[in-house]
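The values are calculated or read from the model by the stated rules, or taken from the named source; none is laboratory data. Bear in mind that the values here come from a model prediction, so they are computed numbers and not experimental data. Positions of Cβ are generated from backbone atoms using ideal geometry, with glycine treated the same way; all protein chains shown enter the neighbour counts. Keep in mind that these areas ignore ligands, DNA and RNA; they rest on the heavy atoms of the full protein, side chains included. Shrake-Rupley method; radii C 1.70, N 1.55, O 1.52, S 1.80 Å.
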Amino acid sequence: MVKVKDLTLPELKEFVTSLGFEPYRAKQIAQWLYKKRVSSFDQMTNLSKEARKLLSEKAQIDLLKLVKVEESKDGTRKYLFELEDGSRIESVFIPEKDWNTLCVSTQVGCPAGCRFCLTAKDGFTRNLTAGEIVDQYIQVQRDVGENRRISNVVFMGMGEPLLNFDNVKKAVEIMTHRDMLDLSTRKVTVSTVGIVPGIDRMAKEMNKVKLAVSLHATTDEVRNMLVPLNRKYPIGEIMAALRRYPADNNRRIMIEYVMLKGVNDSLEDARRLVKLVKGIPVKVNLIPFNPYPGAEFEPTPREQIEAFQKVLWDHNIAAFIRDSRGQDISAACGMLRIKEKACSA
Ligand code: SAH
């Protein structure tokens, strides 16, 4: 079976011509898949009956099965999906006043092993295909309804996007192509733990979308402890990659920094962070740690996060405190999947 959501438009063209259709049929099919978001070839009424039959024999549309949705008091909706091999992944829909954001997963589990992250505790199973990434968007959009259009996509769910580069790149292509999901490239953000070769590749092949880097520490000693991959790609090398990255004040790199009480949240850390990002067009996002049962860390108190933020602003670095959304439904990375496991165990 060909999984049509894995295909870019040129690939879809190739596929339909291999079935003996005219190439222009690819755009028609793309319209049904990405604008009308149908789930069967039978609904593609501008194709002949025979064409629809042939397509349903050769190809498949939906790749994810919705297992569970939870809605938070603040409107955040968390989705648990099952893949064909039985693996489970999560996506989170975050409504804002003027736009809606979807957080997508890129892998089943994650190989990065960050010590504060719940997804890491469960190890790594496999990469998601491009279609499985794209299908998260389509299924959530179907569920929330077309009057709540998802305008922004963040690759901040389970997994490390730059360790699944090819499929992420393809998913971004499908999401931003005007005949497909047609999202603005500036509204797509890829977040990485700091895979240096991946950042360099992104600079060449995917630099229209936004880059976010999960820094979380200002010394290699602390970062080695929090983010084991730091031994391979230490802070100095990551900052060097960011200096080579094509960014400017209109297209800033986002630095993510999870605030962990007594670990990385001192004013000295703030001052070191100022030095690290000097000369790089960045925006810093201070993320309150989202605790979970058994976590080794505690969240930094709000006043301390604000004091940290002030040091950054005093040095003209844009710094924002990300509000924690969907806390009552455990919307942090990996939490729903683990909860379901615990309940069904
Ligand atoms: N692997 C990518 C994207 C997934 S994680 C990356 O590391 O950037 C998305 C963000 O959520 C990262 O910045 C991650 O460090 C953060 N995160 C993970 N667990 C968290 C928790 N319990 N509380 C707050 N932020 C968390």
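Only one of (1) in contact with a strand residue (DSSP E or B) (Cβ under 7 Å, 6 or more places away or on another chain); (2) under 13 Å from K5 (Cβ atoms) is not met by I138, so which one is it?
It fails just one condition, (1).
Among the residues of region 217-251, count how many are of a type in the set (D, E, K, R), out of contact with any helix residue (DSSP H, G or I) (no Cβ under 8 Å at 6 or more places or on another chain) and within 16 Å of the ligand (Cβ to nearest atom).
Residues of region 217-251 that are of a type in the set (D, E, K, R), as a first pass: 220-221, 223, 231-232, 237, 243-244, 248, 251.
Narrowing the set further to residues that are out of contact with any helix residue (DSSP H, G or I) (no Cβ under 8 Å at 6 or more places or on another chain) leaves 221, 232, 243, 248.
Filter once more, so that each one left must be within 16 Å of the ligand (Cβ to nearest atom): 232.
The qualifying residues number 1.
Looking only at region 299-320, which residues are touching a Pro at 6+ places or on another chain (Cβ under 7 Å) and more than 22 Å from I235 (Cβ to Cβ)?
Listed by number, the list holds a single entry, P299.
Filtering region 39-60 down to residues that are outside any helix (DSSP H, G or I) and touching a strand residue (DSSP E or B) at 6+ places or on another chain (Cβ under 9 Å), which residue is surrounded by the most Cβ atoms within 10 Å (Cβ to Cβ)?
The extreme case among them is A59.
I'd like to know if region 259-280 contains one or more residues that are in contact with a helix residue (DSSP H, G or I) (Cβ under 9 Å, 6 or more places away or on another chain) and within 11 Å of the ligand (Cβ to nearest atom).
Checking region 259-280: at least one residue is in contact with a helix residue (DSSP H, G or I) (Cβ under 9 Å, 6 or more places away or on another chain) and within 11 Å of the ligand (Cβ to nearest atom).
Evaluate region 204-211: report whether one residue or more is farther than 27 Å from V153 by Cα and of a type outside the set (V, I, T).
no
Among the candidates E256, E296, which residue alone is within 12 Å of the ligand (Cβ to nearest atom), surrounded by fewer than 20 Cβ atoms within 10 Å (Cβ to Cβ) and closer than 18 Å to G236 by Cα?
None of the other options fit; the residue is E256.
With (1) open to solvent by less than 10 Å² (accessible area, probe 1.4 Å); (2) over 30 Å from D328 (Cβ atoms); (3) among the small types (G, A, S) as the list, and A212 as the residue in question, which single condition is left unmet?
(2)
Those residues that are surrounded by 15 or more Cβ atoms within 10 Å (Cβ to Cβ) and either in a strand (DSSP E or B) or out of contact with any strand residue (DSSP E or B) (no Cβ under 7 Å at 6 or more places or on another chain) (or both), I need them from region 68-82; list them, please.
K68, V69, E70, S72, D74, R77, K78, Y79, L80, F81
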